[in-house]
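A short worksheet on the structure shown next.
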Amino acid sequence: MSFSAFRTVPTSADVVIIGGGVMGASTAFHLAEAGVHNIVVVERGDLCCGSSGKPIGGVRAQFSDPLNIELGSRSLRAYQEFPHRPGADIRLDTVGYLFLLDSEQQVSDFETGVELQNSLDVPSRMISPSEARRLCPYISTDGLMAAAYSPADGHARPGLVVQGYVRAAARAGVTFATHTAVSGIHTAGDRVSGVHTGHGSIACSTVICTAGAWSAQIGDMAGINLPIRPVRRQLAFTAPLAPPAPRIPFTIDFASSGYFHNSDDGLLFGLADPDQEDGFDTTWTPEWLELFRTVARHRAPALADMETVSGWAGLYENTPDHNALIGRSGELPNFLYAAGFSGHGFLQAPAIGEVMRDLYLEREPFTDISPLSADRFRDGADFRPEAHVV
């Protein structure tokens, strides 16, 4: 799927969405479906070229914050229905998520989380180390105290999701302007009046920022503080495995953040480097693999010596409390934003598309997202730390 880069952009729009990843695509689809016309999505590169470009994205409702549980659950349902609405195969594989826990504090925290999740109809449960090993034969139970498992979770392909949303939105008349970088946001009084791009200006009545790791700069152009830091995350793919790998859950060693799951004819490995500095560098570094192998030697020894054939680096968009920024600017009421998902954007994107549609139409969203306003980081506001961060 390709959209021609624009030599010039439309001169006006009702809504300009900045960012052509999964969040922008979902927002465009939900707005167009609701009958909103004259929408332009501007993307500085190709669609899905930023953080949504990751090869496989986890989908889950196992969180510690009730709002994240709701957003994850609603999105899971939407992904299950994706072949019918908007109509695309996204290779959803409902293998479950398995968190491996090796301390009393982790076990206590996840027991609390499971109780909350169950109250919100998420079928998660605490399981023994031996049951965890039955689900994932690669793991060593040495030092494990328990695990948390939800069979309804799994993974899908972000690129296919973006394509599905974009095709449906384009059929409904949405314009996608790729290779079109935003260089400024015009304001008049307390309103955004237009967006300036490398291919011309677009006069508009609403701007929606879904620019992922680049959202802080977009906010700065409008004088709005969106406290988002870009952080590189890396992963690797094994060579094809013979015999094939068993079908395993998305398995996470919670203490180290090391994770692995099936990927085509092999496995995918990931791990967050705790010493990774902030920045927009997306160079993949083979040295990173040693961090994963060190964790694997203890927790999943067979993985430590598996041959890898390629790797990938992308950006997390982290906020101070690892929760998203979603809402309407108090200073510029026609500037809306959905960014800073701290690794949870893909799995929440369908629900966020609904929320942004409702904020734009000034309707009540299905859940109160006001706690995720960027204003929460002003002095005296409450943080909402999310414990189940990978």
Worksheet item: Solvent-accessible area per residue for the stretch 249-385 at a 1.4 Å probe radius, Å²?
Response: 40 Å²
Worksheet entry | Karplus (6.51, -1.76, 1.60) ³J(HN,Hα), θ = phi - 60°, over the stretch 180-192, in Hz, Gly and Pro reported as x | 10, 8, 7, 10, x, 10, 8, 10, 9, x, 9, 10, 6
Item to complete: Please return the longest stretch of the chain lacking exposed loop sites, where chymotrypsin sites (Phe, Trp or Tyr not before Pro) count only if DSSP places them in a loop and at most 13 other Cβ atoms lie within 10 Å.
Response: 1-279
Worksheet item: Mean 1/r over all different Cα pairs, inverted: what Kirkwood radius does the stretch 223-288 give, in Å?
Response: 14.0 Å
Worksheet item: What is the ratio of the Cα radius of gyration of the chain to 2.2 N^0.38 Å, where N is its residue count, to two decimals?
Response: 0.98
Worksheet item: Taking 0.36 nm per residue of separation and subtracting the Cα-Cα distance, what length does fully extending residue 104 through residue 12 add?
Response: 27.4 nm
Item to complete: Treating only the Cβ atoms of Lys and Arg (+1) and Asp and Glu (-1) as charged, compute the dipole magnitude of the stretch 109-228 about its Cα centre; round to the nearest 20 debye.
Response: 620 debye
Worksheet item: What percentage of the solvent-accessible surface of the chain, computed with a 1.4 Å probe over protein heavy atoms, is contributed by carbon and sulfur atoms?
Response: 49 percent
Worksheet item: How big, on average over all directions, is the shadow cast by the Cα convex hull of the stretch 37-99, in nm²?
Response: 6.4 nm²
Practice prompt. Round to a whole angstrom and tell me the spacing of the C-alpha centers of the stretch 340-357 and the stretch 217-288.
Written response: 18 Å
Discussion item. How much accessible area per residue does the stretch 1-144 have, counting only protein heavy atoms and a probe of 1.4 Å, in square angstrom?
Written reply: 42 Å²
Discussion item. Run the simple label-point estimate for residue 91 and residue 273 please: 7 Å along Cα→C-beta, distance reported in nm.
Written reply: 2.6 nm
Practice prompt. Pop a pseudo-label 7 angstrom from the Cα along the beta-carbon direction at both residue 49 and residue 247 and give the gap in nm to one decimal.
Written response: 3.7 nm
Worksheet item: Going by alpha carbons, how many degrees (0 to 90, nearest 10) lie between the helix axis of 345-360 and the longest principal axis of the chain?
Response: 30 degrees
Fill in: Hydrodynamic radius (Kirkwood) for the stretch 143-236, which is based on Cα pairs only, to one decimal in Å
17.0 Å
Practice prompt. In whole angstrom, note down how far apart the Cα centers of the stretch 26-47 and the stretch 72-117 are.
Written response: 27 Å
Item to complete: Report Rg (one decimal) and Dmax (nearest whole number) for the stretch 268-373, counting Cα atoms only, units Å.
Response: 18.8, 55
Discussion item. What does the C-alpha gyration tensor say about the overall shape of the stretch 118-198? Classify as rounded when a/c is under 1.5, otherwise prolate if a/b is larger than b/c, or oblate.
Written reply: prolate
Worksheet item: Helix-derived [θ] at 222 nm for the chain: sum -39500 (n - 2.57) over DSSP H runs of at least 4, divide by residue count, nearest 500?
Response: -8000 deg cm²/dmol
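The values are calculated or read from the model by the stated rules, or taken from the named source; none is laboratory data. In this text the structure is predicted, and so the values were computed from the model without any measurement. We place every Cβ from the backbone using ideal geometry, glycine too, and count neighbours over all the protein chains shown. Accessible surface is based on the protein model in full, side chains and every heavy atom, while ligands, DNA and RNA are left aside. Shrake-Rupley method; radii C 1.70, N 1.55, O 1.52, S 1.80 Å.
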